[in-house]
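S.K.: I'd like to ask you about the structure that follows.
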Amino acid sequence: MSAVDITHGFTREAVEALSHQKAEPDWVRQKRLDAWDVFERMPWPSMQEEEWRKTDVRGLKLQRLASFTEPNGAAQGGDLPAEISASGDVAERGGLVIQRDSMTVSNQLQEELRRQGVVFCDLDAAVRDYPELVRRYFQTCVPVDFNRFSALHNSFWSGGSFVYVPKGADVTLPLQASFWASKPGAAMFPHTLVIADRDSRVTYIDQ
């Protein structure tokens, strides 16, 4: 399927097209489809609910948004927003992941941390390279049916960040993920998964 097949609309077919485009394993595709089934049967949050009493979502026109958007070219040098390039010096970070719209454009991790067994990359790459770890912990913190937004997110997540810090490791420099929406009407669904083993320490910055 071409990229244009997955750029608009929130449907079961769009979920399948997104997973196909990413060449995901069957278990990831099934989790997306299961989340979509939850999304379809759940109502939108209501202002009658305590945590939503100050937020009216009735004006949200979901079908006007793009469910997946590809960046125009690589986000490098002057192409990066000032607030990202100013804080994105990898020399002052243990690692840096940059996502533009729905796709990751940069994955960096200091070699010393890599030698210690630390992993820091986007979640799409983690599904491919560390499937056992991702499968064990994915969707275990926030339930898919927490609300309709969490179900939608778990249907259309893309990019995001994945952190794994092995037992006893001390990551002294922060790991930072920066997410940049550059196109009007783009819906972004970065998913963050942080796994810190026993007696480890890490600082994670989400920008």
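S.K.: Mind checking which of A196, A126, A35 has the largest fluctuation in a GNM of the chain, springs on alpha carbons under 10 Å?
M.R.: In the Gaussian network model the winner is A196.
S.K.: Let me ask you something else. Given a 1.4 angstrom probe, I'd like the percentage of the accessible area of the chain that is carbon and sulfur, rounded to a whole number. Numbers along the way, then the final one.
M.R.: On the way: 5410 of 11030 Å².
Of all accessible area on the chain, carbon and sulfur atoms account for 49 percent.
S.K.: Hey, can you rank 164-171, 188-195 by average C-beta count inside 10 Å, highest first? The partial results should precede the final answer.
M.R.: Working: 164-171: 16.4, 188-195: 18.2.
Most protected by this proxy first, the peptides run 188-195, 164-171.
S.K.: Also: How far is it, in nm, from the label point at E132 to the one at E49 when both lie 7 Å from their Cα along the line to the Cβ?
M.R.: Spacing of the two 7 Å Cα→Cβ label points: 3.7 nm.
S.K.: Right, another one. Find the relative contact order for segment 95-189 and round it to a whole percent, using C-alpha pairs within less than 8 Å whose residues are 6+ positions apart.
M.R.: Details: 128 pairs, mean separation 41.3, N = 95.
After rounding, I find 44 percent.
S.K.: What's the magnitude of the charge dipole for the chain around its Cα centre, counting Lys and Arg as +1 and Asp and Glu as -1 at the beta-carbon? Answer in Debye, nearest 20. Present the calculation step by step, with values, prior to reporting the outcome.
M.R.: Details: 23 positive and 29 negative charges, 62 e Å.
The dipole of the chain has a size of about 300 debye.
S.K.: For segment 142-207, what is the Kirkwood estimate of the hydrodynamic radius, computed as the reciprocal of the mean inverse distance between distinct Cα atoms, to one decimal in Å? List each step's numbers first, then the result.
M.R.: Values: mean 1/r = 0.0728 Å⁻¹.
Taking every pair of different Cα atoms in segment 142-207, averaging 1/r and inverting gives 13.7 Å.
S.K.: Sort 15-23, 56-64, 99-107 for me by packing, meaning the mean count of neighbouring Cβ atoms within 10 Å per residue, highest on top. Present the calculation step by step, with values, prior to reporting the outcome.
M.R.: Values: 15-23: 17.7, 56-64: 9.4, 99-107: 21.7.
Output ranking for 15-23, 56-64, 99-107: 99-107, 15-23, 56-64.
S.K.: Grab the alpha carbons of the chain, take their convex hull, and tell me the volume per residue in Å³. Walk me through the numbers before you get to the answer.
M.R.: Working: hull volume 29.1 nm³, N = 207.
With only Cα atoms used, the chain gives 141 Å³ per residue.
S.K.: Let me ask you something else. Enter the accessible area per residue of the chain (Å², integer; probe 1.4 Å; all protein chains in place). Numbers along the way, then the final one.
M.R.: Numbers: 11030 Å² over 207 residues.
Here the per-residue accessible area is 53 Å².
S.K.: Just grab the label-to-label distance for D56 and L173, each label 7 Å out from Cα along the Cβ direction, in nm (one decimal).
M.R.: 4.9
S.K.: Still on this structure, please answer the following. Evaluated at 4 °C with a viscosity of 1.567 mPa s, what Stokes-Einstein diffusion coefficient in µm²/s does segment 96-207 have when Rh comes from the Kirkwood expression over alpha-carbon pairs? Don't skip to the end; give the middle numbers.
M.R.: Working: Rh = 14.6 Å.
Estimated via Stokes-Einstein, D reaches 89 µm²/s.
The values are calculated or read from the model by the stated rules, or taken from the named source; none is laboratory data. None of these values were measured; they are calculated from a predicted model. Don't worry about glycine lacking a Cβ; one is built from the backbone with ideal geometry, like all the others, and counts go over all protein chains shown. Heavy atoms of the whole protein, side chains included, go into the accessibility calculation; ligands, DNA and RNA do not. Shrake-Rupley method; radii C 1.70, N 1.55, O 1.52, S 1.80 Å.
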